[in-house]
Amino acid sequence: MISGSQRPNDPTRQPNSQSSASSFTEMERTTNRRNGETTALLDSNGEPATPRYGSASPSDLENDPKRNSAAFSKKVKYYIPSLAWIPDYNFSLLGGDVLAGITVASMLIPQSVSYATSLAKLSPPTGLFSASIPGIVYAFLGTSRQLNVAPEAALSLLLGQAITELRHENPGQGPVELDALGLGVATIITLQVGLISFLLGFFRLGFIDVVLSRALLRGFITAVAVVIMIEQLIPMFGLVALQRIAQPETTLEKIIFLIDNAFTNAHWHTTVISFTALLSLVVLRYFKNFFKRYWWIYRLPEVLIVVAVSTLLCSQFHWDKEGVDILGAVPISTGESFIQFPVRASNLKYLHRTTSTAVLISVVGFLDSIVAAKQNGARFGHSISPNRELVALGAANLAGSFIPGTLPAYGSITRSRINGDVGGRTQMASLVCSGVILLATFFLLPWLYFLPKCVLASIICLVVFSLLVETPHDVAYYWRMAAWVDLTLMSLTFIFSIIWNVEVGVVVSLIISLLLVVHRSSKTRMTILGRIPGTDRWKPINENPEAEENVPGALIIRIRENLDFANTAQLKERLRRLELYGVHKSHPSEDPRRQEASVLVFHMSDVETCDASAAQIFFELLEEYKGRDVGLFITHLAPGPRETFDKAGIVELLGADAFRENVADAINLVEGSR
């Protein structure tokens, strides 16, 4: 993933980008004034209010109507960001926003059609509606000003796999019934995705982006790229009809199917058109880099150009009569009516079978979205709230589920970066993009009647290249860092995704990742302290070679983190290993290297909190040591944990004299008693 910072001499910037940035800053200032920063300093007569530091009682503040109104207004604008930026929108930003919206739309229109037809196995309008409706809702609720919300290749593939699996379980159905099944599955998955994302944000669980490691995500993205490429090579070789007969299901079976048929049963016209279109896309993208000075050339949508040219050539040379599959007539309706309530019996019967897919799409979609949002937030200087992003993305997908068959929509790193590069500075760019796509949905589709379907597959193969571009770098990095756990996670995700399916690969790796997190968090970080010769300073013996354990029978342990139920469960075993084997690694079968301690001193300056379960376990540990007649002291204890220990009975167990100010004080007491 690439994050960029816009340089002053960046050729992709618009001539008015500097004035746009200053105008945007002025708009921010205006917003702050309207939010009440000025009125809060004035009394009811418009005169400056007298400062009342310490004199204003809480009841005075609560009964102040103006202050309450200003606070309420700020909260509303916090949860609905559009109420802040729309009233103060500076029309000097409109040119950049319109240009960015049109540019992203020109790239997104053929992409969303490709995702819907080739990956999700649905009709083209479902892709176009999912590229427009969720984007409108997000523009009013999202905190990112450049994030573009629309279907993604990986998420569309997961949806398509769920639809294909359920279609295989219902053989003998006609095309109408199969289309209705696809619409129902897509609708219920999008509804669940929206609900899951919304609830995660509502309950402030936006920290889930730290659960999945980058290695797991890289394995997932690489596997998705390979699966998509295999899926698209079948229509690119013109083997769709033969695939319906052979019915290969897993990715491995499809690879074998391609090897057996690609060079013997391929449709010659389709193959030539497909790979010519793919080559044209690669060449156009490559040569555009030589024209970065001319933004109107650099931002030409190569995907839209190839779609337009291939459609025109097909209509002129009648490729469809040569056996090339074309898009054909596409009805705009995606069901019985344009808008339907998603919670209906025909959709709910797929609920239980699709929940796991919906959870996976929600997590993966949010991770991509939050990365893109944070990159643009850092680049353009605005803050991003993961919780509000989840709420906005959830609401966007909930709204999309009211149109049957709409695909799940999340943010894209690539499209969002292009949005910012071209000049998008507010969510107005997303509104323009969605408006253009809606117009295309109702007026452009008839013009794509002769669009070869194999060209749509070529467009998706171009996306595969962008998904794979960072894989070699990440593999080399993990190898250089000797990060074998990360490499294993990445490999497992990839292998399971190829052998079974993407969902199984991610779930297995996610379980392993969570187990590793729990395993690491369950180990209390502790070390043995020794005295620096000639001083009363005590340092870890594994970090300071000069530190000495010069008090016979005394073991000084520093606990280096807060105590909770997770990391204290193994505290007894960990402490016993330190007592008998020291800080160096050793196998439990080895003979002890140290004598049992007669005095145990705990250095607890790093312990700021201790929950009830941890205090209970610590009490039992101290009680056992006391039963062995081991002297016990606790030093550097903060007031919070001291209060917890008092309530847990630890103070009563040890006595007040066992709690000393520092280690030197405790050791002096030990040495004085001998």
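Every number here is computed from the coordinates shown, using simple stated rules; none is lab data. Every value quoted in this text rests on a predicted model; they were computed, and no experiment measured them. With ideal geometry, Cβ positions are generated from the backbone for all residues, glycine too; neighbour counts draw on all protein chains shown.
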Can you tell me the order of 574-580, 489-495, 183-189 when each peptide is scored by its average per-residue count of other Cβ atoms within 10 angstrom, highest first? 183-189, 489-495, 574-580
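Among PHE291, PHE257, what is the fewest-to-most ranking by other Cβ atoms within 10 Å?
So the ranking, lowest neighbour count to highest, is PHE291, PHE257.
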Looking at the range 488-620 only, what percent of DSSP beta bridges run antiparallel? Nearest 5 please. 55
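Using DSSP to define loop residues, name the trypsin sites (Lys or Arg not before Pro) in the range 507-563 whose beta-carbon has at most 15 other beta-carbon atoms within 10 Å. Display every interim value, and only then the final one.
Working: sites: ARG520, LYS523, ARG525, ARG531, ARG537, ARG558, ARG560; in loops: LYS523, ARG525, ARG537, ARG560.
Answer by residue number: LYS523, ARG525, ARG537, ARG560.
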Could you let me know the centre-to-centre spacing of the range 261-324 and the range 331-387, using Cα atoms, in angstrom? 31
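Let a ≥ b ≥ c be the square roots of the eigenvalues of the Cα gyration tensor of the range 383-448; is it rounded (a/c under 1.5), or, if not, prolate (a/b larger than b/c) or oblate?
oblate
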Can you put TYR478, TYR89 in order, fewest other beta carbons within 10 Å first? TYR89, TYR478
Please identify the helices of the chain, taking whole runs of DSSP H, that span at least 27 Å along their own axis as judged from the Cα atoms and have a mean Kyte-Doolittle score of 1.0 or higher. 94-114, 175-202, 214-236, 268-288, 502-521
What is the range 315-399 by shape, rounded, prolate or oblate, if you read a ≥ b ≥ c off the alpha carbon gyration tensor as root eigenvalues and call it rounded for a/c under 1.5, prolate for a/b larger than b/c, and oblate otherwise? oblate
Would you mind putting 320-329, 171-180 in packing order, based on average other-beta-carbon counts within 10 Å, highest first? 320-329, 171-180
Pairs of Cα atoms under 8 Å, at least six residues apart: use those to get the relative contact order of the range 526-672, whole percent. 22
Rounded to the nearest 5, the percent of antiparallel DSSP beta bridges in the chain equals 45
Over the chain, calculate the relative contact order: mean separation of alpha carbon pairs under 8 Å at least 6 apart, over the residue count, as a percent. 21
Collect residues whose amide H, placed 1.01 Å from N in the peptide plane, falls under 5 Å from the amide H of ILE634; neighbours closer than 5 in sequence don't count. PHE602, PHE659, ARG660
Where a ≥ b ≥ c are root eigenvalues of the Cα gyration tensor, a/c under 1.5 meaning rounded, otherwise prolate if a/b exceeds b/c and oblate otherwise, the range 177-299 counts as oblate
Per-residue ellipticity at 222 nm attributable to helices in the chain (runs of n ≥ 4 DSSP H, -39500 (n - 2.57) apiece, nearest 500 deg cm²/dmol) works out to -18500 deg cm²/dmol
Kindly rank 272-279, 131-138, 296-303, 479-486 from highest to lowest mean number of other beta carbons found within 10 Å of each residue. 131-138, 272-279, 296-303, 479-486
Taking the alpha-carbon centroid of each part, what is the distance from the range 116-168 to the range 641-662 in angstrom? 58
So, how do all the Cα-to-Cα distances of the range 592-632 break down into 5 Å bins, in percent, from 0 on up? 5, 18, 22, 24, 18, 10, 3
Over the range 91-472, relative contact order from alpha-carbon pairs under 8 Å, at least 6 apart, %: 45
As an exercise, use a Förster radius of 45 Å and the Cβ-Cβ distance of GLU561 and ASP64 to find the FRET efficiency, rounded to the nearest 0.05. 0.55
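From the cross-link list LYS254/LYS321; LYS292/LYS453; LYS254/LYS453; LYS523/LYS626, which pairs have alpha carbons spaced over 21 Å apart?
LYS254/LYS321; LYS292/LYS453; LYS523/LYS626
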